[in-house]
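The values are calculated or read from the model by the stated rules, or taken from the named source; none is laboratory data. Quick caveat, the model's predicted, so the values are computed rather than measured. No Cβ is skipped: glycine too gets one built from the backbone with ideal geometry, and neighbour counts run over all protein chains shown.
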Amino acid sequence: CIFCKILAGEIPSTAVYEDDDFKAILDVNPAARGHVIILPKNHAANIYELPDEDASKIMIVAKKIATAIEKAYHCDGVNILQNNGEAAGQTVFHLHVHVIPRFKGDTVNIGWKQGDMPEDLDAICKEIQAQL
Ligand code: 5GP
Ligand code: ZN
């Protein structure tokens, strides 16, 4: 796993933050200047495999990085993004959270076409609740 190699120091990276559980590094192919990815030190391929402890802590790290990015770049916004599965745009199968500075009118493309309101909201709700 390429991110495990980065975490082991076998592949170089530029770390902006590190603690016992996570390393936050600059993305090598950034969507914007200051694009950071946060990597848990323990390998989990995706959100389904991520231990609850890392899941809860990673958002605190994302908040820390987003706050620093906002101060550093005076950006108009920040996206916090995490992809699971190829269909969702995941290309490295070691879970990571993206923190991406955003500016009004920038060319970063994170979005979707909004659909019409479903007629069967209750059915959808039950489909998900049945698996909780
Ligand atoms: P994903 O598409 O899986 O959500 O995001 C993977 C991200 O990892 C991409 O934005 C890509 O640019 C970044 N990336 C891939 N390989 C490396 C690498 O070797 N070093 C760093 N710093 N980032 C990488
Ligand atoms: Zn890994």
Of (1) touching a residue at least 12 places away in the same chain (Cβ under 8 Å); (2) closer than 21 Å to Gly85 by Cα, Ile65 satisfies every one except (2)
Are there any pairs, at least 6 apart or on different chains, whose C-beta atoms fall under 7 Å, with the first in region 37-62 and under 19 Å from Ser13 (Cα atoms) and without any contact (Cβ under 8 Å) to a residue 60 or more places away in the chain and the second within 16 Å of ligand 2 (Cβ to nearest atom) and of a type in the set (Lys, Arg), and if so, which? Leu39/Lys23; Lys41/Lys23
The residue that is surrounded by the most Cβ atoms within 10 Å (Cβ to Cβ), considering only those in region 18-43 that are away from ligand 2 (no atom under 15 Å from the Cβ) and of a type in the set (A, V, I, L, M), is Val36
Considering only residues that are among the charged types (D, E, K, R) and either assigned to a loop (DSSP other than H, G, I, E, B) or surrounded by 14 or more Cβ atoms within 10 Å (Cβ to Cβ) (or both), which ones fall in region 1-17? Glu10
Quick one: count up the residues across region 80-121 that are free of Cβ contacts under 8 Å to residues at least 40 places away in the same chain and within 16 Å of Ile25 (Cα to Cα). 3
Output the residues belonging to region 64-109 that are within 16 Å of ligand 2 (Cβ to nearest atom) and not in a loop (DSSP other than H, G, I, E, B). Val97
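Examine region 39-47 for a residue that is closer than 21 Å to Gly105 by Cα, modelled with pLDDT of 95 or more, among the small types (Gly, Ala, Ser) and under 15 Å from the mean Cα position of the chain (by Cα), and state whether such a residue exists.
No - not one qualifying residue is present in region 39-47.
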